[in-house]
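Student: Sharing a structure with you now.
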Amino acid sequence: MTPTLKSETPVLYAAPLSGFAYKVALTLRLLGLPCDLRVVDLSVRRDERPGSFRDVARFDEVPTLLIDGHALCQSNAICEYLARRQSALHEGDESQRLVVREWLFWEAERIGLDLAHCCAGRDFGRHPPEVLAWYDMRAAKDIERIAKALATHRFLVGDTVTIADIACYAWLPYAQAHGLFAELPEPVASWQARIEALPGFATPSQIFSGEAA
Ligand SMILES: N[C@@H](CCC(=O)N[C@@H](CS)C(=O)NCC(=O)O)C(=O)O
């Protein structure tokens with residue numbers, strides 16, 4: 001499939017259990033950008049997935065977003081593109097922009113590994129218990145890191161929500177659905193509530209059931 005042109009509705013290839021895909025779907029919603037959500041069945045072998053997805057998914061992964069003639073992959077790269085395109089969900093000055101990027105790279109290295117595996121380990125039951133415990137321990141440290149950053153301001157980079165917050169938040173509802181981090185420490189609990197009160201916010205189940213369309 002040819003990536004969508006500027007005038008066309010973006011197409012988002014996603015999967016309901018993917019916090020990475022949810023991150024992009026949520027960012028689109030917060031930016032008020034409708035998308036055509038196409039669910040990819042990740043239980044199907046990679047080489048047997050629809051050609052329309054395989055043709056555009058550079059890493060064979062969701063999320064992949066077709067927008068403005070591009071086929072974009074990697075959730076944080078996609079969020080950066082969307083924030084720049086819409087001039088929203090990012091901080092104004094250069095030093096804050098750089099801090100947003102630092103958080104995006106930190107998220108990819110930590111939450112995108114730790115919380116993602118806490119969830120995948122429970123969803124698919126393929127992680128040995130000691131491996132799951134290791135991810136749980138690291139995820140708890142990630143929450144501590146977020147708590148430290150929020151000690152002095154309302155969001156991770158100042159008092160305005162940015163894609164850094166959305167990136168670091170996206171796996172949290174999935175972990176909580178598994179009973180993890182149900183009792184978040186302050187100030188993380190208030191930060192979560194602030195994100196969930198943003199106009200356009202929708203939960204993973206609202207997005208993937210079509211309830212939030
Ligand atoms: N670093 C990527 C991670 C994306 C990723 O790992 N997606 C998983 C689903 S959570 C996937 O599509 N895996 C391909 C497969 O299961 O075959 C991002 O941030 O977008």
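Student: Test each condition in (1) touching a strand residue (DSSP E or B) at 6+ places or on another chain (Cβ under 8 Å); (2) among the basic types (Lys, Arg); (3) within 8 Å of the ligand (Cβ to nearest atom) for Arg46 and report the one that comes out false.
Tutor: Result: Arg46 passes all but (1).
Each row is one residue, and each column tells you yes or no for (1) in contact (Cβ under 8 Å) with a residue 60 or more places away in the chain; (2) under 19 Å from the mean Cα position of the chain (by Cα).
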| residue | (1), (2) |
| --- | --- |
| Leu104 | yes, yes |
| Met137 | no, no |
| His153 | no, no |
| Val161 | yes, yes |
| Ile166 | yes, yes |
| Leu180 | yes, yes |
| Ala189 | no, yes |
| Arg194 | no, yes |
| Ala197 | no, yes |
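Student: Does Ser43 satisfy being within 22 Å of Ala175 (Cβ to Cβ) and free of Cβ contacts under 8 Å to residues at least 24 places away in the same chain?
Tutor: Numbers: within 22 Å of Ala175 (Cβ to Cβ): yes; free of Cβ contacts under 8 Å to residues at least 24 places away in the same chain: yes.
It is true that Ser43 is within 22 Å of Ala175 (Cβ to Cβ) and free of Cβ contacts under 8 Å to residues at least 24 places away in the same chain.
Student: Determine whether Leu17 is near the ligand (Cβ under 10 Å from one of its atoms), touching a residue at least 40 places away in the same chain (Cβ under 8 Å) and over 17 Å from Ile195 (Cβ atoms). Quick ask: steps written out before the conclusion?
Tutor: Working: near the ligand (Cβ under 10 Å from one of its atoms): yes; touching a residue at least 40 places away in the same chain (Cβ under 8 Å): yes; over 17 Å from Ile195 (Cβ atoms): yes.
Yes, satisfied.
Student: Starting from region 78-96, keep only residues that are touching a residue at least 40 places away in the same chain (Cβ under 8 Å), then list their pairs with residues that are of a type in the set (Gly, Ala, Ser) and in a helix (DSSP H, G or I) whose Cβ atoms are within a distance under 8 Å, requiring at least 6 positions of separation or different chains.
Tutor: Every condition considered, the pairs that remain are Cys79/Ala167; Leu89/Ala83; His90/Ala83.
Student: Within the group Phe181, Phe155, Phe105, which residue is surrounded by fewer than 16 Cβ atoms within 10 Å (Cβ to Cβ) and not assigned by TED's automatic domain parsing to the domain that holds Ala83?
Tutor: Working: Phe181 fails: surrounded by fewer than 16 Cβ atoms within 10 Å (Cβ to Cβ); Phe155 fails: surrounded by fewer than 16 Cβ atoms within 10 Å (Cβ to Cβ).
Exactly one of Phe181, Phe155, Phe105 is surrounded by fewer than 16 Cβ atoms within 10 Å (Cβ to Cβ) and not assigned by TED's automatic domain parsing to the domain that holds Ala83, namely Phe105.
Student: Criterion first (touching a residue at least 12 places away in the same chain (Cβ under 8 Å), of a type in the set (Phe, Trp, Tyr) and touching a His at 6+ places or on another chain (Cβ under 9 Å)) does Tyr22 satisfy it?
Tutor: Working: touching a residue at least 12 places away in the same chain (Cβ under 8 Å): yes; of a type in the set (Phe, Trp, Tyr): yes; touching a His at 6+ places or on another chain (Cβ under 9 Å): no.
Answer is no for this residue.
The values are calculated or read from the model by the stated rules, or taken from the named source; none is laboratory data. The model shown is predicted, which means the values in this text are computed figures rather than measured ones. Neighbour counts are summed over all protein chains in view; Cβ atoms, including those assigned to glycine, are modelled from backbone coordinates with ideal geometry.
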